[in-house]
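K.L.:
First, the structure itself, so that you have it in front of you.
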Amino acid sequence: MAHGVKDIIEPSLHLVAWEVTRSCNLSCAHCRASAESEPYEGELSIRECFHLVDEIVKVGKPIIILTGGEPLVRPDVLEIAEYAVGKGLRVVMGSNGTLVSEKLASKLKAVLLSRLAVSIDFPSPELQDDFRGRKGAFQMAIDGIAHARRAGIEVQVNSTITRLNVKYLANLLDLSLEVGAVAFHPFLLVPTGRGKSLESEELSPWQYEETLNWIYDRQMEMEDGFFLKPTDAPHYMRIARQRRDSLAEPLASRRPMQRITRGCLAGTGFCFVSHRGEVQGCGYLDVVAGNVKEGPFGEIWYDSPLFKELRNLANLKGKCGACGYKRICGGCRARAYEATGDYLEAEPYCVYEPEGIPY
């Protein structure tokens, strides 16, 4: 079947989330990796990690997000970061923050880490410690942020949003500002891994709509230099477009649409590499496009059938396939997969009903 050019999204790799280890020093309730403290078999060796960096650079210069598990559990993670930076890549790290001492923060700065993203899901020690599975986790994360900032590293706060903590969203934004973060990213739960146990705590579709509209309103109030961005919520792009188009303001002043390129980037501008070298559209979409131990990263990125499927919007089913906003949104492919077993099905947590709006 022939498809129109608007149905195809050309791949342009902007972000790679790289699970350098699945091991972790915490046991968080929502963890997509179900990470535990013990070592995991099949982890990429340091030599394989360097080779992967070399392969990524052949494709482009994406931002590399070192993640886990807890990336700082891996003894040679600083070597990996330093090698990637040396190849001209911007490297950031997603961490629980509990292992970031003053000494380690200085080492992270020395390898030119661009940003440290620290996960804080509740604005109080009791709730955060319970959710993260370790007493003292909240204060250790706050201390880790302080150490990173004193070392001169930008800090971002990430929060996974569920019914358990959505009422604290404003408090978490305030906390992000108080600790000197440059960004706050609320992640809308995708119930994978240990997070499946929280499926009943996932926001309802209308709660999603209300929360994303709240984020839009707060974005309009933010000062320059602070970035508030919802993650794992591609239909935010539809909300922002609708809200933006209702304003009688010049395009340049419509802040919420700035620096956000598209909703679901899985396989189009973003991919995930597991600790064993498996390449996926994202960490929540547990479908493998290929393995860097078995073939070049570039071949997987450009030629895997999975990624080609995700780049063709004509493959989307249900209301996502008929939606006028599909090019800027696309629905969450991971959430569709978890809900239906089909990653091309309609986003199950979007309330919008298409009416043939052209995209």
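The values are calculated or read from the model by the stated rules, or taken from the named source; none is laboratory data. The structure displayed is predicted, hence computed values, not measured ones. Heads up, the Cβs are rebuilt from the backbone with ideal geometry, glycines too, and the neighbour counts pull from every protein chain shown.
K.L.:
With ARG132, ARG115 as the choices, which residue is under 28 Å from LEU169 (Cα atoms), at pLDDT below 95 and basic (Lys, Arg)?
P.N.:
Every option except ARG132 fails the conditions.
K.L.:
Please count how many residues of the range 88-106 are over 29 Å from PHE131 (Cα atoms) and exposed (fewer than 15 other Cβ atoms within 10 Å of the Cβ).
P.N.:
Summing the residues that are over 29 Å from PHE131 (Cα atoms) and exposed (fewer than 15 other Cβ atoms within 10 Å of the Cβ) in the range 88-106 gives 1.
K.L.:
Still on this structure: Restricting the search to the range 226-235, which residues are in contact (Cβ under 8 Å) with a residue 60 or more places away in the chain and either surrounded by 22 or more Cβ atoms within 10 Å (Cβ to Cβ) or at positive phi (or both)?
P.N.:
ASP232, ALA233, PRO234, HIS235
Yes or no, residue by residue, for (1) of a type in the set (A, V, I, L, M, F, W, C); (2) under 20 Å from GLN219 (Cβ atoms):
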{"position": "ASP129", "(1), (2)": "no, no"}
{"position": "ARG149", "(1), (2)": "no, no"}
{"position": "VAL155", "(1), (2)": "yes, yes"}
{"position": "LEU164", "(1), (2)": "yes, no"}
{"position": "SER176", "(1), (2)": "no, yes"}
{"position": "VAL179", "(1), (2)": "yes, yes"}
{"position": "PHE187", "(1), (2)": "yes, yes"}
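K.L.:
Turning to a different aspect of this structure: Would it be correct to say that ARG243 is in contact with a helix residue (DSSP H, G or I) (Cβ under 9 Å, 6 or more places away or on another chain), at pLDDT below 95 and assigned to a loop (DSSP other than H, G, I, E, B)?
P.N.:
Against the criterion (in contact with a helix residue (DSSP H, G or I) (Cβ under 9 Å, 6 or more places away or on another chain), at pLDDT below 95 and assigned to a loop (DSSP other than H, G, I, E, B)), ARG243 does not qualify.
K.L.:
Can you spot a residue in the range 33-50 that is at pLDDT 95 or above, within 20 Å of the chain's Cα centre (by Cα), more than 19 Å from THR268 (Cβ to Cβ) and not charged (D, E, K, R)? Steps first, answer last, please.
P.N.:
Narrowing the range 33-50 to residues at pLDDT 95 or above: 43-50.
Still in the running and within 20 Å of the chain's Cα centre (by Cα): none.
Checked the range 33-50: no residue is at pLDDT 95 or above, within 20 Å of the chain's Cα centre (by Cα), more than 19 Å from THR268 (Cβ to Cβ) and not charged (D, E, K, R).
K.L.:
Over 18 Å from the mean Cα position of the chain (by Cα) and either surrounded by 22 or more Cβ atoms within 10 Å (Cβ to Cβ) or closer than 19 Å to THR21 by Cβ (or both) - does that describe any residue in the range 58-71?
P.N.:
no
K.L.:
Kindly indicate whether any position in the range 20-32 is at pLDDT 95 or above and over 23 Å from the mean Cα position of the chain (by Cα).
P.N.:
no
K.L.:
Let me ask another. Within the range 125-176, which residues are in contact with a Cys (Cβ under 8 Å, 6 or more places away or on another chain) and surrounded by 21 or more Cβ atoms within 10 Å (Cβ to Cβ)?
P.N.:
Across the range 125-176, the qualifying residues are PHE131, ARG132.
K.L.:
Would you please list the contacts, defined by Cβ atoms under 9 Å and residues six or more apart or on different chains, that run from a residue in the range 164-188 that is without any contact (Cβ under 8 Å) to a residue 60 or more places away in the chain and at positive phi to a residue that is buried (at least 20 other Cβ atoms within 10 Å of the Cβ) and not in a strand (DSSP E or B)?
P.N.:
Qualifying pairs under 9 Å: GLY180/ILE145.
K.L.:
Any residue that is under 19 Å from GLY281 (Cα atoms), modelled with pLDDT of 90 or more and either assigned to a helix (DSSP H, G or I) or touching a strand residue (DSSP E or B) at 6+ places or on another chain (Cβ under 8 Å) (or both) - is there at least one of those in the range 1-8?
P.N.:
Within the range 1-8, one or more residues are under 19 Å from GLY281 (Cα atoms), modelled with pLDDT of 90 or more and either assigned to a helix (DSSP H, G or I) or touching a strand residue (DSSP E or B) at 6+ places or on another chain (Cβ under 8 Å) (or both).
K.L.:
Just give me the residues in the range 200-225 being surrounded by fewer than 14 Cβ atoms within 10 Å (Cβ to Cβ) and modelled with pLDDT under 90, in sequence order.
P.N.:
Scanning the range 200-225 gives SER200, GLU223, ASP224, GLY225.
K.L.:
Scanning for something touching a His at 6+ places or on another chain (Cβ under 9 Å), in a helix (DSSP H, G or I) and at pLDDT below 95, does the range 86-109 turn up at least one residue?
P.N.:
Taking every residue of the range 86-109 in turn, none turns out to be touching a His at 6+ places or on another chain (Cβ under 9 Å), in a helix (DSSP H, G or I) and at pLDDT below 95.
K.L.:
Of the numbered conditions (1) part of a loop (DSSP other than H, G, I, E, B); (2) surrounded by fewer than 23 Cβ atoms within 10 Å (Cβ to Cβ); (3) at pLDDT below 95, ASP342 fails exactly one; give the number of that condition.
P.N.:
So the condition that ASP342 fails would be (3).
K.L.:
Only one residue in VAL111, VAL77, VAL85 is without any contact (Cβ under 8 Å) to a residue 60 or more places away in the chain, surrounded by 17 or more Cβ atoms within 10 Å (Cβ to Cβ) and farther than 18 Å from ALA17 by Cα, so which one is that?
P.N.:
VAL111 is the lone residue from the list that is without any contact (Cβ under 8 Å) to a residue 60 or more places away in the chain, surrounded by 17 or more Cβ atoms within 10 Å (Cβ to Cβ) and farther than 18 Å from ALA17 by Cα.
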